[in-house]
Structure formats: structure tokens, C-alpha cells
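The values are calculated or read from the model by the stated rules, or taken from the named source; none is laboratory data. Note that the structure is a prediction, hence the values are computed from the model and not measured. FYI the Cβ positions are ideal-geometry reconstructions off the backbone, even for glycines, and counts take in every protein chain you see.
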Amino acid sequence: MRRSLLLVVALAVVAVAVPAARAAQPAGPVGAIDNLTANTVGRTVELRWSAVRFPGGATDAAVVVERDGRPAGRVAPAGPFVDTNVLPGERHRYAVHAEATTGKRQQSWPAASASVQLPAYAIGAATADITPTGLTNLGGFGLGDGRLFPDAVVGRGGQAKPAGEHIRARAMVIDDGRAAVAIAVIETQGMFAAYEDGPWGLLDMGKRVAKDIPALPADHIIIATDHTHSGPDTIGAWGGVPDSYMKFIADQMVGAIEQAFNTRQLANLWEGDSDASDLIYNQACTEALNQSPTPDYPGPSVCATPGKDGIVRALQARTPSGTPVVTYMAYAAHATAGGGNGIHGDWPQFVSDAMAAEYGGVGLAMEGANGGTQPCRPTCAFTEPSNPGTKIKDRKPAIVANYMAHVRDALAHASIVEGPVTGAQEFIREPITGPAVLALFTAGQYAGAKLLRSHESPWVVGTTIRTVVSSVRVGRVVFAGTPGEGFYAIGAGVRRAVGDRTEVIQLGLANDQLGYLIAPVGYVPVIAAEVAVNDNIIFNVSPTIGDHVMCTSIELTKRLGLDAQTPAPCAPYNAADAAGDPLGAVPLGGVVAG
């Protein structure tokens with residue numbers, strides 16, 4: 001009897017001890033979460049884990065996720081859990097446990113945890129084919145469609161059919177979670193802010209995108225052309241193209257920007273540069289006499305208007321896994337390198353395609369400060385022999401080899417870009433004092449060179465012209481859009497104003513095309529004296545437009561949040577801009593003969 005009583009007491013002690021042990025370490029019947037990972041996928045964070053063990057008969061099994069200490073969701077045990085409520089640059093900590101009902105609710109213990117730092121940006125890129133069909137007027141060389149000025153005298157772009165090359169509209173969108181910007185290019189000779197015969201101007205395209213995607217405002221969009229001298233004449237100075245093709249380009253460009261926005265992925269952005277000064281020449285310097293591989297001019301180096309932007313600037317967006325989304329480059333070489341077949345986008349198209357082939361994703365190459373600057377084709381006498389293209393006979397692969405070597409070099413020394421994203425635009429007005437440009441606007445149609453740009457107010461009022469200056473900021477990188485073939489001094493002036501910590505990428509033919517933007521104004525008489533061998537003065541709206549664009553660009557950097565120093569000579573231009581555009585309210589446009 002005493003032995004039985006002791007056994008009962010002992011069992012009672014054990015029965016009490018077991019629950020006490022479970023309270024100290026409540027592992028329960030549900031297995032712990034193992035091998036938890038948190039990775040960015042597209043614009044989301046995706047959590048995955050190993051298979052969870054549940055006891056037999058368990059019901060209502062699930063995996064529960066907390067983000068930063070708050071409930072985030074509940075999913076099936078196999079997962080995954082996808083967090084769509086994330087923004088670029090954020091950091092989150094996730095706690096994950098499994099739970100099920102086995103007579104009572106049980107959960108795994110301890111909760112598994114994982115942290116993730118999201119990239120600074122969500123970046124997307126896309127292209128759209130704009131290759132025309134049939135015989136197309138090409139723009140870039142000479143003037144007119146041959147009706148008044150014989151081709152044998154002035155030359156012209158001529159006509160061509162597609163011959164294997166494909167020209168495209170290309171776009172990238174960069175979003176920091178609070179604002180988004182777009183940089184885009186169209187592989188044609190040039191395009192205007194607004195057109196006379198329809199809403200297919202570069203600014204019209206931006207407005208269409210902004211209407212469809214309010215998160216991408218029109219003043220956050222820069223659309224340029226690559227200025228190919230073997231592409232469709234979307235200016236009209238060489239016979240022009242049909243309205244139906246203009247509409248097609250606009251539709252394709254809008255579609256590419258919107259696709260780039262809709263396919264954004266969380267990605268890090270890297271930026272670097274490489275000195276390729278030996279692959280271009282300043283048209284006003286004696287180096288222009290040494291375009292052949294062997295020196296033709298042995299004399300001293302002389303330059304009446306010194307300066308050229310020989311830097312290849314490259315950016316690459318990569319997902320956290322290292323996959324490129326877009327590879328971008330800008331360079332000051334005019335798109336007169338040649339080497340393609342039929343209709344083509346010249347070196348920007350060739351390099352864009354090469355970057356896409358080498359890295360994956362989208363390739364996007366654009367013209368920089370191309371005013372007064374031409375490319376070696378493919379080498380000049382002063383080109384460094386180390387360039388791989390010096391050993392290639394065919395021009396197109398030689399140019400691509402040279403430029404791609406600098407893209408690789410720039411990316412090899414690239415550093416990460418972080419910081420705010422924003423954009424700004426300013427409309428400016430200039431008198432049309434260049435006689436050739438004024439003649440084209442008033443009577444170009446009689447010479448087979450009818451400019452397709454809008455002659456209506458506010459774009460042209462009397463003999464004044466309105467255009468747009470654009471700037472986009474991505475962290476420490478500023479894209480300064482110039483509405484024509486801007487001289488090196490424009491970008492150089494912006495760089496001096498913002499300091500060395502900011503990388504300024506000057507873009508040519510951005511949101512408009514008003515010919516050569518000569519800067520500084522003191523260079524104009526020298527460029528005019530070279531008219532026999534240099535057409536920069538012929539296609540120049542006014543002596544002051546280059547300096548005006550530079551000063552406006554500097555002021556725009558302040559709107560982008562940068563601490564820029566305004567040069568004293570900018571005061572009159574800034575005062576004119578601050579006054580708005582009273583002439584724009586005048587209902588009458590410019591004078592057109594006939």
C-alpha cells in the first residue's frame with residue numbers, strides 16, 4: 001500500500017514537470033522554419049524557406065510573416081511570401097514562423113528572421129522598332145531634296161531602303177520611390193519640340209506619357225534623337241517623311257517609355273567614365289587636318305576655339321543578382337561615323353546593340369556635346385594604337401570595337417549612384433538672327449527644305465523662336481538636355497557651377513533640334529570665318545543661344561536641389577527667363593513666305 005502511494009506521488013510529480021519543461025522551451029509539434037532567404041525579385045521582396053514539418057492530423061497549416069515587427073501576411077506552408085509593398089532604398093527585417101492546429105493552435109519556435117537592403121532605384125528599359133518601309137529620305141548632309149540645290153553641288157542625305165539594320169526608339173526609366181524620370185532616344189536625324197502638321201513633337205510625346213502615367217511628369221522626361229546622318233529626315237530639310245511615319249515614331253516612343261516604366265526592377269546603378277579624346281576631333285583645330293591614320297599636317301597644334309568633350313560616360317543598372325537591366329553611354333562624337341547598311345542609326349545604334357549583346361538587357365547610347373566635334377572614322381593620326389579598332393578594316397566593327405572598349409573601361413571603374421531623382425524644364429526664347437536658319441524657316445519649302453517644325457505661336461512669334469532646356473537628376477548624376485548640337489562649353493560651364501562631386505552628362509538634340517548651339521558667344525566670329533570648311537555657323541539660330549542654354553541649365557540644377565554657383569554673365573539670360581514668355585501670348589506665329 002505504501003509502495004503504491006509513493007508511485008502515485010511520483011507520477012504526479014512527473015506530470016507536473018513535463019508542462020513546466022514545455023513552458024521553458026515551447027517548441028511544440030510544428031517544425032521550425034529553416035533556410036529562410038529574402039531576395040529582391042522585380043519590384044518585390046521574395047521570402048523562401050525549406051519545407052516545414054507538421055505533425056499528423058494538423059489542420060489550418062500556414063506560415064506567418066511579420067515585417068519590421070508588424071503583421072505582413074499569411075501564406076501556405078510551401079510559400080513563397082512575396083512582399084509587394086516595398087520601395088527603393090528601404091531596409092526591412094522579416095520574422096517568419098509556421099503554425100497549425102493540433103487540438104490547439106501551435107507555432108514553431110523560435111521565429112526565423114532575415115533582413116534585406118533594397119537597391120536605391122527601380123529601373124526599367126525598353127526599345128521599339130521604328131524602321132521605315134520603302135524608300136525614305138535621309139537627313140544630315142548637304143541641304144534640300146535636290147529640287148533647287150543640285151546634289152552634285154551641295155550633297156544631301158539621299159534616299160535609302162532598309163537593308164538589314166533596324167533603328168529604334170530606346171528608353172530607360174529610373175525611380176527612387178518618390179519620383180521617376182525617363183531618358184530616351186530616337187534613332188533619326190533630329191526631331192523638334194513641336195511640329196506644324198500634327199502632335200508628334202518630342203514634348204508632345206512627353207505629355208502623352210505623363211497623361212498615361214502621372215508618376216512620370218512631362219518635365220521629368222528627356223527625349224533626344226541620335227542625329228544619325230543615315231536615318232530618316234524627320235526635320236524636313238532633305239525632303240522630309242510622311243505624316244503617317246511621324247505618328248508611328250511618336251506612338252513607338254511613347255510605348256517604349258511606358259513599357260520601361262511598367263517593367264521597372266529594383267536595381268543598383270553604377271556610373272563611370274573613360275577618356276576617349278583620341279577618337280574625336282575639334283573641327284576648329286588643326287587636329288581636324290589629321291583625320292587619316294597617317295599625319296597629313298605635321299605643323300604645330302593650333303586651335304581657334306579650343307575644347308572638346310572626349311569622355312565616354314557610362315551607366316549600368318544591375319539587379320542584386322548582378323543581371324544588367326540597361327547599359328547606357330553618352331559620347332560627343334557626331335553620328336557621321338558611317339559603316340552601316342541602308343537606313344541606320346550610325347554609331348549610337350551600333351553601340352546600343354553591342355551593349356545589349358554583350359551585357360544583356362537594353363543598350364542605350366546617346367550623343368553628348370557634339371557641337372563642333374566629329375568622330376575619327378575609325379581612327380585619326382593622333383588615335384592611340386591601343387584602341388582595338390585600329391586593327392579592323394571595316395568601319396562599323398572598328399568604331400564599335402573602339403567605343404565598346406571605353407564602355408568596358410568606364411564600367412570597370414564605376415561607382416554606385418545613390419540619391420534623389422527629379423527633373424525640371426525651362427522654356428527660353430531667342431531671336432532668329434542666323435540668315436540661313438531664318439531663310440529656312442521662311443522660305444525653305446521653295447528650296448526643297450521645308451522645315452517641319454511648328455511656325456505657330458508660341459513656338460515662333462515674328463522672328464523669335466521658343467525652345468526648351470531640360471535637366472534630370474539621378475543622385476550625383478545630372479543629365480543636361482540641350483535643344484540642339486551643343487558645344488562643349490555648355491556642359492563645361494554646368495560642371496564648373498555644380499562642382500566636381502556631380503557628374504554632368506550633356507545630351508545633344510534633347511527635346512528639340514535648333515542646329516548648332518555655339519558657346520561661348522566669343523567663338524561665333526571665329527566659327528563664322530571657317531564657313532568654307534565648317535557649317536556650324538550656317539545652322540545657328542543666334543550668337544547667344546549657346547550661352548543662354550548654358551545659363552538656363554545652371555539654374556535648372558538649383559531646382560534639382562544642387563548648390564550651383566551662377567556666373568556673372570548669366571544675369572541677363574536669367575532675367576529674361578524669370579520674366580516668363582510674354583511673346584508666347586501673342587496669337588500670331590512666325591512669318592512664312594507664301
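Tally up the residues in the range 204-238 that are over 21 Å from Val474 (Cβ atoms) and either out of contact with any Leu (no Cβ under 7 Å at 6 or more places or on another chain) or outside any loop (DSSP other than H, G, I, E, B) (or both), please. Talk me through it step by step, then tell me what you get.
Residues of the range 204-238 that are over 21 Å from Val474 (Cβ atoms), as a first pass: 204, 207-208, 211-212, 225, 227-238.
Filter once more, so that each one left must be either out of contact with any Leu (no Cβ under 7 Å at 6 or more places or on another chain) or outside any loop (DSSP other than H, G, I, E, B) (or both): 204, 207-208, 211-212, 225, 228-229, 231-232, 234.
Selection size over the range 204-238: 11.
Out of (1) under 21 Å from Val312 (Cα atoms); (2) free of Cβ contacts under 8 Å to residues at least 60 places away in the same chain; (3) not basic (Lys, Arg), what's the single condition that is false for Asp535?
With (1) under 21 Å from Val312 (Cα atoms); (2) free of Cβ contacts under 8 Å to residues at least 60 places away in the same chain; (3) not basic (Lys, Arg) applied to Asp535, the lone miss is (1).
Enumerate the pairs (first residue in the range 310-327 and without any contact (Cβ under 8 Å) to a residue 60 or more places away in the chain; second residue anywhere and not in a strand (DSSP E or B)) with beta-carbon separation below 6 Å, excluding pairs fewer than 6 apart on the same chain, so at least 6 apart or on different chains.
Pairs that qualify, where the first residue is without any contact (Cβ under 8 Å) to a residue 60 or more places away in the chain and the partner is not in a strand (DSSP E or B), are Gly310/Ala276; Gly310/Ser277; Pro324/Tyr359; Pro324/Gly360; Pro324/Gly361.
Which one of Ala497, Ala492, Ala439 is surrounded by fewer than 19 Cβ atoms within 10 Å (Cβ to Cβ), of a type outside the set (D, E, K, R) and at pLDDT 95 or above?
Values: Ala497 fails: surrounded by fewer than 19 Cβ atoms within 10 Å (Cβ to Cβ); Ala439 fails: at pLDDT 95 or above.
Exactly one of Ala497, Ala492, Ala439 is surrounded by fewer than 19 Cβ atoms within 10 Å (Cβ to Cβ), of a type outside the set (D, E, K, R) and at pLDDT 95 or above, namely Ala492.
Suppose we keep only residues that are more than 21 Å from Ser277 (Cα to Cα) and either in contact with a Ser or Thr (Cβ under 6 Å, 6 or more places away or on another chain) or not assigned by TED's automatic domain parsing to the domain that holds Thr228 (or both) within the range 316-339. Which one would you say is surrounded by the most Cβ atoms within 10 Å (Cβ to Cβ)?
Gln316
Name the one entry in Ala576, Ala510, Ala528 that is free of Cβ contacts under 8 Å to residues at least 40 places away in the same chain and of a type in the set (A, V, I, L, M, F, W, C).
Working: Ala576 fails: free of Cβ contacts under 8 Å to residues at least 40 places away in the same chain; Ala510 fails: free of Cβ contacts under 8 Å to residues at least 40 places away in the same chain.
Only one candidate passes the filter, namely Ala528.
Take Asp296 and decide whether it is within 19 Å of Asn402 (Cα to Cα) and acidic (Asp, Glu). Step through it out loud before you land on a result.
Working: within 19 Å of Asn402 (Cα to Cα): no; acidic (Asp, Glu): yes.
For Asp296, the condition - within 19 Å of Asn402 (Cα to Cα) and acidic (Asp, Glu) - is not met.
Go over the candidates Asp535, Asp512 one by one and state the one that is of a type in the set (D, E, K, R) and touching a Pro at 6+ places or on another chain (Cβ under 8 Å). Quick ask: steps written out before the conclusion?
On the way: Asp535 fails: touching a Pro at 6+ places or on another chain (Cβ under 8 Å).
Matching residue, one of Asp535, Asp512: Asp512.
Is at least one residue of the range 340-347 assigned to a loop (DSSP other than H, G, I, E, B) and under 15 Å from Thr373 (Cα atoms)? Explain how you work it out, then say what you get.
So in the range 340-347, the residues assigned to a loop (DSSP other than H, G, I, E, B) come out as 340-341, 343-345.
Those still in the list that are under 15 Å from Thr373 (Cα atoms) too: none.
No, the range 340-347 contains no residue that is assigned to a loop (DSSP other than H, G, I, E, B) and under 15 Å from Thr373 (Cα atoms).
Taking only pairs six or more apart or across chains, which ones have beta-carbon atoms under 6 Å, a first residue in the range 143-168 that is surrounded by 13 or more Cβ atoms within 10 Å (Cβ to Cβ), and a second residue that is at pLDDT below 65?
Leu143/Phe149; Leu143/Val154
Somewhere in the range 519-541, is a residue among the hydroxyl-bearing types (Ser, Thr, Tyr) and assigned to a loop (DSSP other than H, G, I, E, B)? Walk me through it before giving the result.
Filtering the range 519-541 for residues among the hydroxyl-bearing types (Ser, Thr, Tyr) gives 523.
When the remaining residues are screened for being assigned to a loop (DSSP other than H, G, I, E, B), the result is none.
Checking the range 519-541: not a single residue is among the hydroxyl-bearing types (Ser, Thr, Tyr) and assigned to a loop (DSSP other than H, G, I, E, B).
Within the range 320-343, track down each residue that is more than 17 Å from the chain's Cα centre (by Cα), at pLDDT 95 or above and of a type outside the set (Gly, Ala, Ser).
Listed by number, the residues that qualify are Pro320, Thr323, His334, Thr336, Ile343.
From Ala114, Ala100, grab the single residue that is outside the structural domain of Ala256 (by TED's automatic domain parsing), surrounded by 21 or more Cβ atoms within 10 Å (Cβ to Cβ) and in contact (Cβ under 8 Å) with a residue 40 or more places away in the chain.
Ala100
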